[in-house]
Each structure stands twice: as C-alpha cells, then as structure tokens.
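Novice: The structure's right below; bear with me while I get my questions together.
Every number in this text was worked out from the coordinates using simple rules, so none of it is lab data. From a predicted model like this one, the values you see are computed outputs, not experimental measurements. Here the Cβ is made from the backbone with ideal geometry for all residues, glycine too, and neighbour counts use every protein chain on show.
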Amino acid sequence: MIIAANWKMHKTREETLEFLKEFVSRSGEIREGIQAVICPPFTFLYEAGEKQAEGNFRLGAQNMHWEKEGAFTGEVSPIMLEDAGVRYVVLGHSERRHVMGETDQVINRKMKVLADYNLAPIFCVGETEQERDEGRTGEVLKRQVRQGLQEVDLNVLQKMVIAYEPVWAIGTGRAAYPEDAREAAETIRRTLDEFDSDLGDKTNILYGGSVKEGNIAGFTTLPQIQGALVGGASLKPDSFIGLIKAAQEAG
Ligand code: PGA
C-alpha cells in the first residue's frame, strides 16, 4: 500500500523540518508493506531527501519539466529532482491541469522522458463535477489515460502509480463514495490493458480527494485500490500518521 502526502504550496522550512523530525521518530508505528511518500514544495526537497535514510518514507516532487536543462525560467528538471533524492513525481495533478492549464499533451511529454530517469510517476486523473453530472466520467478517464500515456516506455508504465482524484472531491471535504472509486479504478485498469495485456491488474491505483483518518479504510480495503494521495490531512504528522494507521489496521 502507498500513502502519499501532497503538501501543495504549504509549509516553511522550519515547519517541514519539524514535521519530518516527528514523522521519523514515529516511523516504528508504520508497518512493513506500507510505503509513505512525502511530496514537499521544491525548496525543501534536498533537506527532506537527506532524512529518507533515517525514516520510513520516500521523497516525492509535485511536478517537473520535461527537459533536462535549458532556458525554461521557473521550471525544475528531472535531473534536479534525482539529484535531491526524489523517487516519485506527481504528474497531471488536477491543480496543474485546471489551475495552471496543463493539457494531456504536456503531461504526456513529462511522462515520456521518465524513461531516462530513476523517478516513478504518480500519474493523476479525474473528472470534474460537470463531467460527472453529464455522465462522462468513464470517457474522461479513458481520454486522460490514453493521451497521457501515449508512446510512453513500458518501463515507465510498469513503475507508474496512478492516482484517481475526482476534481470535485479535492479539498472540498466531499470524498467520493468507495463505489465510485472502485468503478473508476476498473475503467482505468481496462484502459491500461490497451498498452500491455496485464498492465491494468499490475498497476497500483490510489484514491485521492478529501481522504482523512475516518474514511481512508473505505478506499484502501477495496481490492481495486492500493492506497491514497492525501492533501489537507497530510499536513500534520499526527493526522498523516493517524490515517496511515487507520489504513493498516483495516488491513
Ligand atoms: P485533499 O487533496 O486531500 O486536500 O482533498 C488531495 C490532492 O489534491 O491530492
């Protein structure tokens, strides 16, 4: 099971180090078989990366550019992430798609270059409320998967984690029903089979969107879901460790 913390644009350096200190000291509470991933803002990656050796977590980044280097003001390259000790990179997050205007094509460029780096993508997909109301959830998920993963190396697809995050559930306190997540994960898996016959069943799919201690087990106990991507409830060590424990106790 993978439980990933997406801190978005939150925390100072001091708050980051405090969180990690407490998280590392409580690592013993997390059972083997649970992979915690922490995705802080770029400015804290190096320091957080150094703490990986002490604690039971892997470092993730929230985004990256597709080029190795060049005239791309304000961007961060995959080689810089590797250098900081990053293992996972979130790509296609709803806020990148809907606030920063990233298209399926842009996300696809980023996915393609991962063949050259030792970084595993957490590839995010999910429908908006309007798309759900119009009964287009399946169609949207298929499009995001087909276009986002077009011509991506099989090695990248095999190390990829997918996060199903309905846009209307992110940061709203209104999580999806586990049944919705189950159905979406099935659609995603059958679309993945178009890339390689057993890719669908082998891929880890996380649910994200208003996950907290009280609802995580409803998702992680589903055979179709292998973990969670958590925003708001991952910002405090107590809350993040609490939800990891709730998931592990539920099995
Ligand atoms: P949330 O965010 O848990 O605050 O809803 C999830 C995400 O955006 O990954």
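Novice: Out of the residues in region 196-251 that are more than 10 Å from the ligand (Cβ to nearest atom) and of a type in the set (Val, Ile, Thr), which is surrounded by the fewest Cβ atoms within 10 Å (Cβ to Cβ)?
Specialist: Only one residue fits best here, namely Thr221.
Novice: Follow-up. Consider only pairs whose beta carbons are under 9 Å apart and that are at least six residues apart or on different chains; among these, list those whose first residue lies in region 169-189 and is on the phi < 0 side of the Ramachandran plot and in a loop (DSSP other than H, G, I, E, B) and whose second residue is polar (S, T, N, Q) and within 8 Å of the ligand (Cβ to nearest atom).
Specialist: From region 169-189, the pairs are Ile170/Ser94; Ile170/Ser210; Thr172/Ser210; Arg174/Ser210; Ala175/Ser210; Ala176/Ser210.
Novice: Take region 1-15 and flag every residue that is touching a residue at least 24 places away in the same chain (Cβ under 8 Å) and either more than 22 Å from Ile170 (Cβ to Cβ) or among the acidic types (Asp, Glu) (or both).
Specialist: Once the filter is applied, which keeps residues that are touching a residue at least 24 places away in the same chain (Cβ under 8 Å) and either more than 22 Å from Ile170 (Cβ to Cβ) or among the acidic types (Asp, Glu) (or both), region 1-15 yields only Arg13.
Novice: Mind listing just one residue for me: the one in region 135-159 that is assigned to a loop (DSSP other than H, G, I, E, B) and in contact with a helix residue (DSSP H, G or I) (Cβ under 8 Å, 6 or more places away or on another chain) and, of those, surrounded by the most Cβ atoms within 10 Å (Cβ to Cβ)?
Specialist: Leu149
Novice: Every residue in region 134-187 that is small (Gly, Ala, Ser) and farther than 23 Å from Lys202 by Cβ, please.
Specialist: Gly135, Ala169, Gly171, Gly173, Ala175, Ala176
Novice: Filter region 89-105 down to residues that are outside any strand (DSSP E or B) and in contact (Cβ under 8 Å) with a residue 40 or more places away in the chain and give me whichever is surrounded by the fewest Cβ atoms within 10 Å (Cβ to Cβ).
Specialist: Gln105
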